[in-house]
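The values are calculated or read from the model by the stated rules, or taken from the named source; none is laboratory data. Computed from a predicted structure; not experimentally measured. Positions of Cβ are backbone-derived with ideal geometry, glycine not excepted, and every protein chain shown enters the neighbour counts.
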Amino acid sequence: MPSIAIHGAEIYYQTYGKDQPDQAPILLIHGATSTGEGDWGAIAPALGRRWRVILPDCRGHGRSSNPQRSYSFKEMASDMAALVRALGYKRAHVIGHSNGGNTALVVLIEHPEVVQSAVIQAANAYVSPDLLEREPVVLDAERIAREAPEWMQEMIAAHGPTHGENYWRELLALTLKEILSEPNYTPEDLRQVQRPTLVIQGAEDPVNAPGKHAQFIARHIPYAELWLPAGVRHNVQLDAFSEWLQRVESFLERRGDDANEALHRLERDSYADSREWIFDLRARRENAPRARIVLFGQTLYPAQRQAAVERLEQLTAEDESAPTIDADSVQVLLDDSTPWALVNRCVADLRREPRNLSERVSQALLGEAARILEEKDGWAHVRMEHDRYLGWMHLSALHLCDRSKVQEYQAACQSMVQVDLLNAVASPDDVEICGKIPFGVRVQVQERTPGQAQIRLPDGRLWWVEDAGLLPSDRWPKPDAEGIAFTLKLMQRLIGVPYLWGGRTPFGYDCSGLAGTFWRFLGVNLPRDADQQYLVGMPVESMPQPGDLLFFGERQEDGSDFRYKNITHVAISLGGDRMIHANGAAWAVSYNSLDPSSPEYRAWLRDNLAGIRRYA
């Protein structure tokens, strides 16, 4: 096994895999009392199938010497940075576990010039009280000799041949002294990090989970990702080997070079909300027949593709031999050529993925307009026009037509369903129901007979409905006090309707689906979800008026004020403390109150009220 002189010590290391053009190697840093082989023996050859991997023993561990008998994270971090440079690399993907995670964190902060990306696992940025209490017990040599002889023998086997049979006791003492005092990074220190970072911690890690150290690190490092695998303890790379490999390789593929990291940050800054945006771009560098960066993948709009090109041009602007940016392979899904369609069913589910068992994210109602972004196995990926929401629905639920037909159809819809569900039949004398049209749907009336109305569907079919169930446009409520009172009276008939995730009809509502239905009946289109609705409303500091929306959410762990991404629920104010909402507590549309003296009071609602918003 090769060794190299670093800062007065002989650092031993192994390598796996071959050097890849334009690809930084991976540096794996082991944890306390272990060696490179001990922590990473299974992972290193697996990563070596695609990357060059460097696997050292840290100073004073395994076969690496330690002439000064020293142990500090900063010294080991300096060793690791020097090792990368000594082996001829400009940067490396620095991956550390446990105390090696601490060392990797120090490399990231103190030697960022050698870091391409970092994976910080089972680490702590500061010494928390629980660690001060726990670690002296865990690393007590006499206790280990008495209660954990297998661990003692592992340390003797790992370090004894180089450092002597009793060195393990000295190593424990050196380790304990360091981890009781270092590292000591503040949130401000972490905010200075500029390299891509993935933070990993087993959800059941007895060392770091109690202090939520991974969450602290990931919260303060810009653009950091966090993975907390459920049911896993300290050694995530061993206990969840396959998933660990998949997660880390995905991270390196998505963010392991400057071009892809630039795209990732552009997405996070401008297009992070996948409910409204599609920005799935990757970059590949090619050097023949000429130097160029090839962009491929999908965006929703042409402007997103152009923004990606400009971001990569900025990245290479100071490079005299800068590659050209080739975006010809990028697929833009929404432009003038994207097909239009009208929803041709009373209600159609909008799914997160093109399969029936995928999560229902919303619903589309009869006569609503959609753009068909792509088709797959009988499914259509659509952007709904009234709220710009994205999802997948059955292609058969849509009637394809051009934009002018959509506008013509919707302009002719001059009546609105004012009952919960309006039964439809094929002819005036039929008793057999052929459809149920939900509350709030606008329809196109072709003719009227006493007590009945003939309506036209997007595909030209004709149904008959009870005319009393329709509200003509000259009586549509306005978003004023009178219209709000009228609409709330209609909405109160929905009490008891089941709660349905993604629901927008009396077959079942979710909270934001009910709120959106209320305001759409008044002619105001709101975004689909509660956090989105919160952002577009006018803040109300006084007692809520009827029709105002009340928003609720969980507070931040640090006790700070609510932020929009923590909004989890919305209710419609009936004025004062009372509200109507679709909620999981009653699993239905129900009333509740913020007044502790009311029988409808729910403490959670009062404790988690984030804000009040008004829309007219």
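Look through A303, A308, A283, A327 and report the one residue that is farther than 30 Å from W501 by Cβ, of a type in the set (G, A, S), part of a helix (DSSP H, G or I) and touching a residue at least 24 places away in the same chain (Cβ under 8 Å).
A308
When you look at L457, is it in contact with a strand residue (DSSP E or B) (Cβ under 9 Å, 6 or more places away or on another chain), under 16 Å from G367 (Cα atoms) and surrounded by fewer than 17 Cβ atoms within 10 Å (Cβ to Cβ), yes or no?
no
Return the pair list, or none, for Cβ contacts closer than 6 Å from residues in segment 41-58 that are farther than 13 Å from V248 by Cβ to residues that are among the polar types (S, T, N, Q) and buried (at least 22 other Cβ atoms within 10 Å of the Cβ), at least 6 apart or on different chains.
Between residues of segment 41-58 that are farther than 13 Å from V248 by Cβ and residues that are among the polar types (S, T, N, Q) and buried (at least 22 other Cβ atoms within 10 Å of the Cβ), the close pairs are D57/T35; D57/S64.
Of the residues T517, T487, only one is over 18 Å from V347 (Cβ atoms), touching a Phe, Trp or Tyr at 6+ places or on another chain (Cβ under 8 Å) and either of a type outside the set (D, E) or modelled with pLDDT of 95 or more (or both); which?
Residue meeting the stated conditions: T487.
Taking segment 279-312 only, how many residues are at pLDDT 90 or above, loosely packed, with under 14 Cβ neighbours inside 10 Å and under 17 Å from N260 (Cβ atoms)?
Looking only at that region, the number is 1.
Just the residues that are of a type in the set (A, V, I, L, M, F, W, C), touching a strand residue (DSSP E or B) at 6+ places or on another chain (Cβ under 7 Å) and under 18 Å from M491 (Cα atoms), please, taken from segment 410-429.
M416, V417, L421, L422
When the residues of segment 604-616 are filtered to those that are over 23 Å from A481 (Cβ atoms) and outside any strand (DSSP E or B), which remaining residue is nearest to the chain's Cα centre (by Cα)?
This residue is N608.
Identify the single condition in (1) of a type in the set (D, E, K, R); (2) farther than 19 Å from G513 by Cα; (3) crowded, with 18+ Cβ neighbours inside 10 Å that E368 does not satisfy, given that it satisfies every other one.
All conditions pass for E368, except number (2).
Quick check on my filter: what residues within segment 396-411 are surrounded by 15 or more Cβ atoms within 10 Å (Cβ to Cβ) and outside any strand (DSSP E or B)?
Within segment 396-411, A397, K405, V406, Y409, Q410 qualify.
Is it fair to say W464 is within 22 Å of V343 (Cβ to Cβ), modelled with pLDDT of 95 or more and in a strand (DSSP E or B)?
yes
Does R504 meet the test of being modelled with pLDDT of 95 or more, among the charged types (D, E, K, R) and surrounded by fewer than 23 Cβ atoms within 10 Å (Cβ to Cβ)?
no
I'm trying to understand the selection: among the residues of segment 489-520, which are in contact with a Ser or Thr (Cβ under 7 Å, 6 or more places away or on another chain) and over 17 Å from A364 (Cα atoms)?
The one that is in contact with a Ser or Thr (Cβ under 7 Å, 6 or more places away or on another chain) and over 17 Å from A364 (Cα atoms): I495.
Hey, could you check segment 586-603 for residues that are out of contact with any Ser or Thr (no Cβ under 6 Å at 6 or more places or on another chain) and either in a strand (DSSP E or B) or at pLDDT below 95 (or both) and say which is surrounded by the fewest Cβ atoms within 10 Å (Cβ to Cβ)?
The extreme case among them is Y591.
Do the conditions hold for S274, that is, is it touching a Leu at 6+ places or on another chain (Cβ under 8 Å) and of a type in the set (S, T, Y)?
yes
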